[in-house]
1. Please give, to one decimal in nm, the separation of the simple spin-label points placed at S6 and T110, each 7 Å out from Cα toward the Cβ.
2. E94 to N41: extension gain in nm, 0.36 nm per residue of separation minus the Cα-Cα distance?
3. Over the chain, average the accessible area per residue using a 1.4 Å probe and give it in Å², no decimals.
4. Using percent of Cα pairs over 25 Å apart as the read-out, say which of (i) 34; (ii) 37; (iii) 47 was calculated from these coordinates.
5. Counting only helical runs of four or more DSSP H residues, what would the 222 nm mean residue ellipticity of the chain come to if each run contributes -39,500 (n - 2.57) and the total is spread over all its residues?
6. Relative to the longest principal Cα axis of the chain, at what angle does helix 49-59 sit, 0 to 90 degrees, rounded to 10?
7. Obtain the nm distance between the two label points defined at D151 and I66 by a simple spin-label model: each point lies 7 Å from its Cα along the Cα-to-C-beta direction.
8. Trypsin sites (Lys or Arg not before Pro) within region 38-79: which are DSSP loop residues with at most 15 other Cβ atoms inside 10 Å?
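The values are calculated or read from the model by the stated rules, or taken from the named source; none is laboratory data. A quick note: this is a predicted structure, and the numbers were derived from the prediction, not measured. When we count neighbours, we look across all protein chains shown, and the Cβ atoms used for this are built from the backbone with ideal geometry, even at glycine. Note: areas computed on protein heavy atoms with side chains; ligands, DNA, RNA excluded. Shrake-Rupley method; radii C 1.70, N 1.55, O 1.52, S 1.80 Å.
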Amino acid sequence: HSYSGSTYSRGHMIPNGSRNGIREMQLQTFYVTNSVPQRQNKFNGSIWNAMEQAIQAIVKGTSEEIYVVTGVAFNKVGENKSVSYITPKNDTKECAIPNYFYKVALKVNTSGGTVTSAKAIGFWFEHRTYSDSYTNYAVSVDQIEQWTGFDFFVNLPDTIEKSAETNTSWSSFQSF
């Protein structure tokens, strides 16, 4: 769906560029279940896109894997913000506009199939326009878990998960 005449675009939660050039997987990124209304100028087309490309750049040309979870929130835990709605072009149903967007990413080191260490990073954005760098919005995965009530990366051994999810440094994540 498009949001004709508005400042919103179809923001894809899994970007086409993250699908490794596999056509069937790329086409799945265009499903309506993978998109939400997202401010286009100075958000989806800028800071959010730059963050996604930076994460993709880590794995391009390598065999390294990054586990990524992307989501939206309408409120932080305990918060009660109002939610706005938009009606897509050629539709009659309203679609809720998220108040927040987040992405969490995980890199792991393994030995013999066992995870030996890990590093995670989170990014949290209010749904508004930005003119600075995505790196200013790096937060710990622990922080995003507090705001969302979700528990990410639960399959990691507890001590490794606890350590990995406290990181707030993008450069530390990149170089891990």
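1. Once both label points are built, they end up 4.1 nm from each other.
2. Details: separation 53, 0.36 × 53 = 19.08 nm, distance 2.18 nm.
Full-extension gain reported as 16.9 nm.
3. Numbers: 9760 Å² over 176 residues.
Using a 1.4 Å probe on heavy atoms only, each residue of the chain averages 55 Å².
4. So the structure-derived entry is (ii).
5. Calculated at 222 nm, the ellipticity per residue is -5500 deg cm²/dmol.
6. Once rounded, the angle reads 30 degrees.
7. Those two pseudo-labels are separated by 2.6 nm.
8. K60
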